[in-house]
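Engineer: Please read through the structure below; I'll follow up with questions.
The values are calculated or read from the model by the stated rules, or taken from the named source; none is laboratory data. Fair warning: this is a prediction, and the values are worked out from it, not measured in the lab. Cβ placement follows ideal geometry from the backbone for every residue including glycine, while neighbour counts extend to all protein chains displayed.
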């Protein structure tokens, strides 16, 4: 059976993210305050838009659309929206990322992004896709338990980086389509992008 590639559906997530981030203006992004009702409403609206798309669109990976009532999500927690500092690599570096079908695809290693969650420092490698977008795959202590085993993803535009900083909202972390349909092929998060904490935000199994 034909295996749809990850980039066919990641464009949708990128467009949604770009629209949302554009609302914040061109200044260096600021973290929201806990209990920010406007922020909570924004995330809820994004989830509803995605659920509506998955239920009705022909490109949806959902097999039983008639009975589909929406994806599963952790509770929204504004404390998991953080500001990361990007250490961009001086020269182009590439890495082969394994895919769920056993193949591998080449990505540009764009840089390392460091941030703090609950007072602890973490770092993840961020990649640039052939389409020119930024791609941040990660695993955490929920992986293969409460979330998809190959990891979850976040997407950005290059212009989301401002003054070497980037807003990382783990409430927007999504599972690839291959978590919902085995005919899709998706990147497996590299081992170095493991976070030793349970990120109970975003999409879940």
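Engineer: Of 199, 124, which residue is under 13 Å from the mean Cα position of the chain (by Cα) and not in a loop (DSSP other than H, G, I, E, B)?
Structural biologist: It is 124.
Engineer: Now a separate question. Look through segment 141-166, keep the residues that are surrounded by 22 or more Cβ atoms within 10 Å (Cβ to Cβ) and over 9 Å from the mean Cα position of the chain (by Cα), and return whichever of them is farthest from residue 79 (Cα to Cα).
Structural biologist: Looking at the filtered set, the residue picked out is 148.
Engineer: Quick check: anything in segment 162-174 closer than 26 Å to residue 63 by Cβ and in contact (Cβ under 8 Å) with a residue 60 or more places away in the chain?
Structural biologist: Yes, segment 162-174 contains a residue that is closer than 26 Å to residue 63 by Cβ and in contact (Cβ under 8 Å) with a residue 60 or more places away in the chain.
Engineer: Could you tell me whether any residue of segment 62-71 is modelled with pLDDT of 90 or more and touching a strand residue (DSSP E or B) at 6+ places or on another chain (Cβ under 8 Å)?
Structural biologist: yes
Engineer: Another one. Scan 101, 45 and give me the residue that is surrounded by fewer than 16 Cβ atoms within 10 Å (Cβ to Cβ), more than 27 Å from residue 190 (Cα to Cα) and modelled with pLDDT of 95 or more.
Structural biologist: 45
Engineer: Here's a follow-up. Can we say residue 186 is touching a residue at least 60 places away in the same chain (Cβ under 8 Å), closer than 22 Å to residue 57 by Cβ, buried (at least 22 other Cβ atoms within 10 Å of the Cβ) and in contact with a helix residue (DSSP H, G or I) (Cβ under 6 Å, 6 or more places away or on another chain)?
Structural biologist: yes
Engineer: For segment 189-205, which positions are surrounded by 20 or more Cβ atoms within 10 Å (Cβ to Cβ) and touching a strand residue (DSSP E or B) at 6+ places or on another chain (Cβ under 7 Å)?
Structural biologist: 189, 190, 202, 203 - these are the residues of segment 189-205 that are surrounded by 20 or more Cβ atoms within 10 Å (Cβ to Cβ) and touching a strand residue (DSSP E or B) at 6+ places or on another chain (Cβ under 7 Å).
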